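The values are calculated or read from the model by the stated rules, or taken from the named source; none is laboratory data. What you see is a predicted model, and the numbers here were worked out from it, not measured in a lab. Don't worry about glycine lacking a Cβ; one is built from the backbone with ideal geometry, like all the others, and counts go over all protein chains shown. What goes into the accessible areas is simple: the full protein's heavy atoms, side chains included, and nothing from ligands, DNA or RNA. Shrake-Rupley method; radii C 1.70, N 1.55, O 1.52, S 1.80 Å.
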Amino acid sequence: MKKVLLGIVGFIAIIIVVGFAAVKFLVNEELIKDNLIEQAKQFTKQDVSIEGDLNLTFYPQIGFELGNVTLFNKHEYADSKQIEVNSVHAAIELMSLFTKTIVVTNVEVDGFTVNIETLADGRNNMDELLATLAPPEKSLSNEDIQAIKVTPEGDIAKSDYQFIVKGVSITSAQLSLNNRQDGTYHKLSDSSLKVGEFAFSKPVDITLAANYRTNELTAKLNTSMILTIDEQFNKIKLAQLDNKLALTGQSLPRPEMNISLQGDMTYDSAYKIMKLAGLKLDVDELNITGDLSVDVFAKPSLEYDLAMNRLVVDD
């Protein structure tokens, strides 16, 4: 009997593997890519191109890899490209779909670029895009309201499913904001974000790096932290927070400044309280240490226990 069951299981496994191989063989990825382009053009009312290849996987992961996607600006904007991605890859572990723990493998995005521009007449390319994408407002019906599960305490019912993201990596990201009404310019470049394995109520490592430039200021940011969020988003904790910021610009008190911020931050959404413990703030020679608590409820209040070294006002 045992041999029969093993034989049946093995036969089913062979059928599944052959089935996925057949799907992969029969799928026309070029046709799918062409349909994606046409749907994106109709959805955004703007030109879209996909120059890279589309690669689909079905086993042991269901996922895709797509290269060089571009959403073009309308002709009146200076930069021809509004949004561009060099490559994107994401997948879900197939067998996790048969459980209540859905596992997303590493999400990788490279060369993510966004150019936001405001014309002299006030028109903004991102506002126009969002207005096109925004669905028409629809009031909730009684059926919609009854369909929302609510606990006796008034909170949204907890889902039976759990989601785990193995990691997120965004590299070579860039964001520019060009306002032709007032001549201001802001740009984030060489930005990267790395997020470790994420699951609710479990600590996850996060690192962020970016260069910032505006008309009168340049900055270089490096940040690392350990983030923990519960499933209801009631408590958010940033442990071992370490921010380093190097500034250069004529508008600063000094041509060059270095700022460092370290500590552990927690936010309780139920009580609307944010706490910063073990604070260590360095602004060049100025050092501030201690604890800080902010109550942002109906009547905001601030409690602190801080100490600083010698403050030289002239500097």
(message) Heavy atoms of the protein only, probe of 1.4 Å, neighbouring chains included. What is the accessible area of Y212 in Å², nearest 10?
(response) 70
(message) Filter K166/K220; K235/K275; K202/K235; K220/K275 down to the pairs with a C-alpha to C-alpha distance above 21 Å, please.
(response) K166/K220; K220/K275
(request) With a probe of 1.4 Å, find how much accessible area segment 243-315 has per residue, and write the answer as a whole number in Å². (result) 71
(request) Considering only protein heavy atoms, with the full assembly of protein chains and a 1.4 angstrom probe, order R254, R310 by accessible area, largest first. (result) R310, R254
(message) I want the local charge near S49. Using Cβ-Cβ distances under 13 Å, sum +1 for each Lys or Arg and -1 for each Asp or Glu among the other residues.
(response) -2
(message) Among DSSP bridges having both ends in segment 151-269, what percentage is antiparallel? Round to the nearest 5.
(response) 100
(message) Greater than 21 Å separation of Cα atoms is the criterion. Which listed pairs, K81/K187; K45/K194; K81/K244, meet it?
(response) K45/K194; K81/K244
(request) Could you compute the FRET efficiency for K166 and D314, with r as their C-beta to C-beta distance and R0 at 45 Å, rounded to 0.05? (result) 0.30
(message) Quick check: at a probe of 1.4 Å, how many percent of the accessible area of segment 256-315 sits on carbon and sulfur atoms?
(response) 58
(message) I want the local charge near L188. Using Cβ-Cβ distances under 12 Å, sum +1 for each Lys or Arg and -1 for each Asp or Glu among the other residues.
(response) +2
(request) Show L252, L208 ordered by accessible area, largest first, where the area counts protein heavy atoms only and the probe is 1.4 Å. (result) L208, L252
(message) Given a 1.4 angstrom probe, I'd like the percentage of the accessible area of segment 48-89 that is carbon and sulfur, rounded to a whole number.
(response) 54
